[in-house]
1. Among the aspartates and glutamates, which have Cα under 18 Å from the Cα of K79 when same-chain residues fewer than 8 positions away are ignored?
2. Would you kindly calculate the mean projected area, averaged across all directions, of the convex hull enclosing the Cα atoms of the range 7-69, in square nanometres?
3. Gaussian network model of the chain, Cα springs within a sub-10 Å range: biggest mean-square fluctuation belongs to which of Q75, Q56, Q14?
4. Can you give me the C-alpha center-to-center distance between the range 74-95 and the range 1-57, rounded to a whole angstrom?
5. Can you run phi through the Karplus equation (6.51, -1.76, 1.60; θ = phi - 60°) for the range 45-59 and list ³J(HN,Hα) in whole Hz, with x for Gly and Pro?
6. How high is the FRET efficiency from H76 to D18, r the C-beta distance, R0 41 Å, rounded to 0.05?
Amino acid sequence: MAQHFDLMERKTIQELLDHGTEIKDIAEIMKRSQPAIRIEIKRNGGLRLYNAEKAQQICEERSKKANSEKNSPIQHLRKRVEVLEEQVKKLMENR
C-alpha cells in the first residue's frame, strides 16, 4: 500500500513544479512512482495550481471524514450484523 505524502514532500513537489520540473524527474528525485506523483498533483489542483499547504489540509480533512465514518455507530452496527450473518450462515451449513 502506498504511503501518503507528508507536508515536506508536498512542499518539495510544489517547489519542483514551480521550477518547471517534469513529473518523471520529480518521481525520480523523490524516489516515488510517477503515477503516485501524478495522482497527488491531479487531486490537489493540477500542474499550475498545486499548493502544498492546501493539499495537506485536504488530505487531513479527507482522513478525518474517513475515520469518523469508519467509527460511526451505524458502521459499528453494520459490522456487527455482518458478523452475526456469517455466524448464522456457518450454523446453517453445519446442519
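1. Result set, ordered by chain and number: E69.
2. Over every viewing direction, the Cα hull of the range 7-69 projects on average to 4.2 nm².
3. Q75
4. Between the Cα centres of the range 74-95 and the range 1-57 lies a distance of 43 Å.
5. In residue order, the calculated couplings are x, x, 4, 8, 10, 4, 9, 4, 4, 5, 4, 5, 4, 4, 4 Hz.
6. Taking R0 as 41 Å, the efficiency between H76 and D18 is 0.35.
We did not get these values from a lab; they are worked out from the coordinates using the rules stated. Note that the coordinates shown come from a computational prediction; the quantities given were computed from them, not determined experimentally. Reconstructed Cβ throughout: ideal geometry from the backbone, glycine too, with neighbour counts over all protein chains shown.
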